[in-house]
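Notes to accompany the following structure.
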Amino acid sequence: MAENDSDSVVRVNRSGEISERLFANSNMASTNVGSKHYMVYWRARNAASRFVSCPVLDHAGSRQFSRLIPGDVLWFVTVRLGSLILLGRLIVNDRTDWQSAARILRHPITERSSYVVLAAPGTEETMKEMPLDAIADSIRFESPVADRLTIVNGVVNPQQLQTKRRLTDSSRRLFEAEWSRQMSDNIS
């Protein structure tokens, strides 16, 4: 194992190829200054299927994940009856293909995609349904054109969420605060 300058630990196989990249400190990814936060949409039926087949958010796959790097954070959402629902958070440890992901995780991968991201060790969490109605109209994206959700009569149209959306720093803080609040509500 060798350490590099980004505070991650890299495992190198006998051929000299990187076989696994792990954060030395599992909390590092959530506090990385350069981390990008994205809102990622799952169709309601896909979210329901994932709750049954693999409720722990230790991986996710999508063609849209080609540029994700360790430390990036994915906030998974769905829309049910017009309401935006937060399903969970995944702090990216590595990006790989689905065969390698299945080998690393040692269980079936739910999304057979060209790109599968793996959660940073120690950050995997069971998915939950957390309504975001209270903050939906405050969510902003890094976009020169469509920088916010279009909400009509309190209803979110899921078609505007089909591409992962990079959150602004203020929206990242909204998501983190809502996540923390709802997680602490579940504990008490």
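The values are calculated or read from the model by the stated rules, or taken from the named source; none is laboratory data. No experiment lies behind these values; they were computed from the predicted model shown. Reconstructed Cβ throughout: ideal geometry from the backbone, glycine too, with neighbour counts over all protein chains shown.
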Would you mention how many residues in segment 48-71 are out of contact with any helix residue (DSSP H, G or I) (no Cβ under 8 Å at 6 or more places or on another chain) and either within 17 Å of TRP98 (Cα to Cα) or part of a loop (DSSP other than H, G, I, E, B) (or both)? 15
Could you figure out which of (1) at pLDDT 95 or above; (2) buried (at least 19 other Cβ atoms within 10 Å of the Cβ) isn't true of ALA29? (1)
The condition of being in a helix (DSSP H, G or I) and more than 14 Å from the chain's Cα centre (by Cα) holds, among ILE109, ILE104, only for ILE104
Residues of segment 145-173 satisfying the condition of being under 23 Å from LEU68 (Cβ atoms), part of a loop (DSSP other than H, G, I, E, B) and of a type in the set (Ser, Thr, Tyr): THR163, THR168
Scan segment 131-188 for residues that are under 17 Å from the mean Cα position of the chain (by Cα) and among the small types (Gly, Ala, Ser) and report the count. 3
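Every residue, every condition in (1) farther than 25 Å from ASN93 by Cβ; (2) touching a Gly at 6+ places or on another chain (Cβ under 9 Å); (3) surrounded by 13 or more Cβ atoms within 10 Å (Cβ to Cβ), yes or no:
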{"residue": "VAL116", "(1), (2), (3)": "no, yes, yes"}
{"residue": "THR123", "(1), (2), (3)": "no, no, yes"}
{"residue": "ALA134", "(1), (2), (3)": "yes, no, no"}
{"residue": "SER138", "(1), (2), (3)": "yes, no, no"}
Residues being within 19 Å of PHE65 (Cα to Cα) and part of a loop (DSSP other than H, G, I, E, B) - total across segment 124-144: 3
Residues of segment 147-162 satisfying the condition of being surrounded by 10 or more Cβ atoms within 10 Å (Cβ to Cβ) and out of contact with any Lys or Arg (no Cβ under 7 Å at 6 or more places or on another chain): LEU149, THR150, ILE151, GLY154, VAL155, VAL156, ASN157, PRO158, GLN160, LEU161, GLN162
SER114 meets each of (1) polar (S, T, N, Q); (2) within 16 Å of the chain's Cα centre (by Cα); (3) part of a loop (DSSP other than H, G, I, E, B) with one exception, condition (2)
On the basis of being surrounded by fewer than 13 Cβ atoms within 10 Å (Cβ to Cβ) and farther than 15 Å from ALA44 by Cα, does PRO144 make the cut? yes
Does segment 41-70 hold any residues that are touching a residue at least 60 places away in the same chain (Cβ under 8 Å) and either polar (S, T, N, Q) or more than 26 Å from ASN157 (Cβ to Cβ) (or both), and which are they? SER49, PRO55, VAL56, ASP58, HIS59, SER62, GLN64, PRO70
Kindly provide the set of residues from segment 133-166 that are under 21 Å from ALA60 (Cα atoms) and in contact with an Asp or Glu (Cβ under 7 Å, 6 or more places away or on another chain), ordered by number. ARG166
When only residues in segment 152-184 that are touching a residue at least 40 places away in the same chain (Cβ under 8 Å) and among the basic types (Lys, Arg) count, which is nearest to ARG89 (Cα to Cα)? ARG172
